[in-house]
Amino acid sequence: MNPVLVEVTRGGRVESAHRAACVVTDGQGRVVFQAGDIDAPVFPRSAVKALQALPLVQSGAADRLGLTDAEIALACASHSGEPVHVATARSMLAKAGRDAACLECGAHWPLDPAAARALVAAGEAPSALHNNCSGKHAGFICLASAHGEDPAGYVRPDHPAMRRVTAALAEATGTRLDAGNRAIDGCSIPTFAIPLRALATGFARFGTAGGAAARIRAAVAANPFLVGGDGRFDTVLMTALGSRAFAKGGAEGVHCAALPEQGLGLAVKCDDGAGRAADLICAALVARFLGDGVPEWLLHPELRNWNGMTVGAIRPAGPIA
């Protein structure tokens, strides 16, 4: 059983707790910190978007289409659907000679409440551009289009663009990816079960590699807002730390990060899928190995009620306390 790594308090008592596993490794896979079962395969979901974006840059597709750093950053995003996110995704598609009709991620309301209210006030419905994965999907469409391929069906495992993306993820993590560990992500692309240790190693490699990885890191460091949005954990953390850290969360309590200066990568998975716990564990591990710069409120988040009163807190526990 994985240890309790996060406690939620109210009135001085522990009201709930989150069990999780986490690991920090170098690029050779040497473990420098671990808690829980780090070899159990987990679906990283959106946490690996930067690794999935590697072929877009590495193949020359981004240069052929003239993608900006902001657009490369959006290809790594789980964005909030704010106007700048929607506009950037639309721009990416236009450079590939496509439009929103090519997106196969589905539509949902913006994650940002203000952006969602603005759509309602305008009497508009959300489109696939508002999907938090629209930047990643626009990147896949750009990848296919730059290679002269029809992007239709790019979400399928056998599409040429998706085969390139899967190969990049397999190479980064040193994991065999096939039908045996494949499932379908929320945005309809393949997602693969990968051990936490391998994910951390992949991010350590991503954080120290040159070429496409270095360009993606620089693009994100220059445009952290595009990776998340207003108040989002990854945006706040990378705005504070700049190029010192790359962090990306995924659904169901997964978080991965790279610390380029230290040559380290980390991966987190919460048993109950709680994002609030994964965020805190990621922040605690980054602070442990980076030393300073992590915003205090990410390390010691408060719980507030609808009247704005502080009613509790979320705190690290066990091995990460």
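The values are calculated or read from the model by the stated rules, or taken from the named source; none is laboratory data. Nothing here was measured: the structure is a model prediction, and the numbers come from that model. Positions of Cβ are generated from backbone atoms using ideal geometry, with glycine treated the same way; all protein chains shown enter the neighbour counts. Side chains are part of the model used for accessible areas, which takes the heavy atoms of the whole protein and leaves out ligands, DNA and RNA. Shrake-Rupley method; radii C 1.70, N 1.55, O 1.52, S 1.80 Å.
Taking label points 7 Å from Cα along the Cα-to-Cβ direction, Met309 and Thr239 give a separation of 2.9 nm. Residue separation of Val32 and Ala125 scaled by 0.36 nm, minus their Cα-Cα distance, works out to 28.7 nm of gained length. Extending 7 Å from the Cα toward the beta-carbon at both Ala218 and Thr9 defines two label points whose distance is 4.5 nm.
So for the chain, what percent of the C-alpha to C-alpha distances run longer than 25 Å? Everything past 25 Å amounts to 47 percent. Helix-only mean residue ellipticity at 222 nm, the chain, DSSP H runs n ≥ 4 weighted -39,500 (n - 2.57), per residue, nearest 500. What is it? Dividing the helical sum by the residues of the chain leaves -11000 deg cm²/dmol. Using bins of 5 Å that start at zero, the share of Cα-Cα pairs per bin across segment 45-139 amounts to 3, 15, 25, 24, 18, 8, 4, 2, 0, in whole %. Applying a 4.7 Å Cβ-Cβ cutoff to the chain, the cysteines left without a disulfide-compatible partner are Cys22, Cys76, Cys102, Cys142, Cys256, Cys270, Cys282. Measuring r between the beta carbons of Ala40 and Ala101 and using R0 = 56 Å, the FRET efficiency lands at 0.90. Label positions at Trp109 and Asp63, each projected 7 Å from the Cα along the C-beta direction, are separated by 4.4 nm. Backbone geometry of segment 48-62 corresponds, through the Karplus equation with coefficients 6.51, -1.76 and 1.60 at θ = phi - 60°, to 3J(HN,Hα) couplings of 9, 4, 5, 5, 6, 7, 4, x, 4, 8, 5, 7, x, 4, 4 Hz, x marking Gly and Pro. Solvent exposure of Ser243, expressed as accessible area, is near 90 Å², computed with a probe of 1.4 Å over the protein chains only. For the chain, the tally of Lys pairs with Cα-Cα distances below 16 Å comes to 5, considering only residues 8 or more apart or on different chains. For the pair Ala94 and Glu302 in one chain, pulling the backbone fully straight at 0.36 nm per residue adds 70.6 nm over the alpha carbon distance. Shown in residue order for segment 184-195 are the 3J(HN,Hα) couplings computed by the Karplus curve 6.51 cos²θ - 1.76 cosθ + 1.60 at θ = phi - 60°: 10, 6, x, 9, 5, 7, x, 10, 10, 6, 10, x Hz (x for Gly and Pro).
For segment 11-52, the Cα gyration tensor yields ellipsoid semi-axes of 27, 16, 10 Å (square root of five times each eigenvalue, largest first, whole Å). Shape summary: segment 132-264 maps onto an equivalent ellipsoid whose semi-axes, from the alpha-carbon gyration tensor, are 24, 18, 15 Å in decreasing order. When the P(r) of segment 213-259 is calculated, the portion above 11 Å amounts to 63% of the C-alpha pairs.
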